[in-house]
Every structure is written in C-alpha cells, then in structure tokens.
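Quick notes on the structure that follows.
The values are calculated or read from the model by the stated rules, or taken from the named source; none is laboratory data. Predicted model only: the values in this text are computed from it and were never measured. Counting neighbours? That spans all protein chains shown, and the Cβs are built from the backbone with ideal geometry, glycine included.
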Amino acid sequence: MSLKKVVASLKAPFVMVVVQVAYAGVSILYKLVAKDGMNLSILMAYRFLFASAFIVPLAFLVERKSKPRITPRVLFQAFLCGLFGATIQQNLFVEAVALANATYATAMYNLIPGVTFILAFCFGLERLNIRKITGKAKVAGTMIGICGAMILAFYKSTEIHLWSTHINLMPHIQQHDVADTQIWGSFLAFGTCLSYSIWLIIQARMSEKFPWHYTSAALMSVMASIQSVIFALCMERDWNQWKLAWNIRLLTALYSGVVASGLVWVLIMWCVHLKGPLYASSFNPLFLVLVAIAGSLILDEKLYLGSIIGSVLIIVGLYSVLWGKGKELKESKSLSSSFKENDNLSKEEKN
C-alpha cells in the first residue's frame, strides 16, 4: 500500500479522535461552569450563538462558488438536526454532567454506537449480516463497548494510583452529592444518547441529497441558536444571568461554540457522509476514556480497577466495530467494481 493510500485511510479515524478530544474538553468545562453557578440553558444559547457567528461566514467563504440549493426539505432537516443534535442533546448532557461527576455522566455516552446501530438497521442504513464475520464483529463490538462502559461507571474495586497532579479545580464537591443524583443523571445521559443517535441518522439522510458540509453545519447551528435562545428565555428571565465577563463562563461558551460545535460539526458531517453514521458513532467510547483521564488529572476524580478494565473493553469493542465496518466497505467497493467491469464487458460484446 502506498503512502498516499495509508494517509487517506487514516484521515477519518484521525478526524474522529480529534472530535472526541474536543468533546472531552467541553465535558470538563461544563462541570466547572456549573460549579460557578451559571444557568446551563443560557450557556447552551451562547454556545450555539457563537457557533453560528463562526460557521456561517466560514460556510459562505468555502462553499459560495458551489451554490448549495437550500430547499424547504433541507431547512426542515436542518431544523431536526439542530433540535436533536444540538438543543435537546446538549441541554440534557450539560445537566447530566452537572448532576454527576464528569466520568460517570459520559459513561452512558457509550450506548450511542448500540443505539445508532439499532436505528440505522431500522432505517435501512446498516445491514445486520449476522451470518457473516463482519456482522458478528459489529454486534460483538457494540456489546463489548457497552459492557466496558458499564464496568467503568459502576465497578469500583481497588483504587489505582497511576499519577497524582495534586490539582483539584472543584475542591468543594463531595462524593455523596454525586451518589444522590446518579440515577437522575443516568436518565438524562441516556436521553442524550438517544438524541445524538437520531441526529446521526437524520444527518446521514440529509447528506445524501445535500453534501455541502459547511452549509449544513451553518444551517444546523442557526436552527439550534433559535431553539436554544427561546428555551433559555423560558427558563431564565433574569437578565443579570445573561451577562458574560472575562471568566470561565466566556471561555466555556467560546470553546464549546467555536470548537465543539462549529469545527466539530463539520468534521462529523464529513465523516458521516464518507463512512456512515455507525462509523462516526463508534468513536464515542474514546470520549469516556479521555474524560476519565482528564477528570483524574484536574478534577481529582478517582481512578479504580474497574476504570482500567472498562477502558480496555471499550477500546476492544471500538476496534471490533471498526474492523467489521471496514471489511464491509471493502467488500462493497469490490462488488461495485466487479459490476462495473461486467457492464463494460457486456457493452463491448454488444458493440
């Protein structure tokens, strides 16, 4: 395999790893801004306003020559993408992070590949192929990843002392507060997973007829801004809560808007268009591993033996799904090329 092919094959996984690193940073910032007392619905409104201010001009500059056709159908799909992929998903997630520790809140995120696989199968975007080794690998990988996430979240056992930075940005948060709100946080996190998976399915359908990723992200961001501002105004009427200063609130709103929404959405849409929704969702287990590491480094969240076992299972499940999906893509490409060759031969014989 040539160097160009190797680099091309590594683009999609590299992009999705960058996405998960960006999301892990957001998860830590959410926890800090919740401690600071900011209204979280207002944070979401600012996030998508900043995202829109960033991505709309970028989409115009990059795709203005291609002149994307924005039809009523595209606008409706963008509205649904903004609703499920941003407004509902992020409002639920930020509340889940605020209620529990960052590692626990993100544990439920690892249900996304399983939920996405089920939805994609129901909507005809994925084939089960359980009789083939590729289908078995995808199903087994999904189940292994879910089991790993549950072990990481619920199985404690021995505390592991791999490092100690002696940094705790949240010294006043007590462990029993997390335990008291754990169940409610789990329900909110599961709602986040379901909403995220629905967005991936809608985005896959949208990208089939509308392959302009920057414009698609811009439309989604504008829709999410309108929805989130309306929701925040309904939740909070005190205008003092809307004021931003040079502090953690402004940093979180800017980072989550420009990086975790503006740039990340473009990357996810590109990957969904290229590889499909299941491939994009398969990298979500890395999110939990990254948050667990970051939480232990700067929030003084404890790492246990269950964290190590769960992380290993998550990585194994991830690679199993990616292997199965990669094999299917190779098989489909070889089939399509053989069909083209047969068509060319038949045309030559007729001539």
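Selection over the range 25-40 of residues that are under 15 Å from L254 (Cα atoms) and in a helix (DSSP H, G or I) gives a count of 9. Of the listed requirements (1) under 18 Å from C193 (Cβ atoms); (2) at pLDDT below 85, K31 misses just one: (1). A single entry from S195, S207 fulfils the requirement of being at pLDDT below 85, assigned to a helix (DSSP H, G or I), of a type in the set (S, T, Y) and closer than 17 Å to S281 by Cβ: S207. Set side by side, the residues I118, I201, I144 differ, and just one is assigned to a helix (DSSP H, G or I), at pLDDT 80 or above, within 30 Å of A218 (Cα to Cα) and out of contact with any Cys (no Cβ under 8 Å at 6 or more places or on another chain), which is I201. Regarding the range 295-306, can at least one residue be identified that is assigned to a helix (DSSP H, G or I) and modelled with pLDDT of 75 or more? Yes, some residue in the range 295-306 is assigned to a helix (DSSP H, G or I) and modelled with pLDDT of 75 or more.
Note on the range 3-49: residues that are in contact with a Cys (Cβ under 8 Å, 6 or more places away or on another chain) and surrounded by fewer than 21 Cβ atoms within 10 Å (Cβ to Cβ) total 2. Helices (runs of 4 or more DSSP H) fully within the range 238-284 that include at least 3 residues being modelled with pLDDT under 85 and within 26 Å of K209 (Cα to Cα): 264-275, 277-281.
Identify all residues within the range 32-83 that are among the small types (G, A, S), closer than 28 Å to E95 by Cα and in contact with a helix residue (DSSP H, G or I) (Cβ under 6 Å, 6 or more places away or on another chain); write none if there are none. A34, S41, A45, A51, S52, A78, G82 - these are the residues of the range 32-83 that are among the small types (G, A, S), closer than 28 Å to E95 by Cα and in contact with a helix residue (DSSP H, G or I) (Cβ under 6 Å, 6 or more places away or on another chain).
Residues that are out of contact with any Leu (no Cβ under 6 Å at 6 or more places or on another chain) and surrounded by 15 or more Cβ atoms within 10 Å (Cβ to Cβ) within the range 124-139 comprise L125, N129, K132, T134, K136, A137, K138, V139, listed in sequence order.
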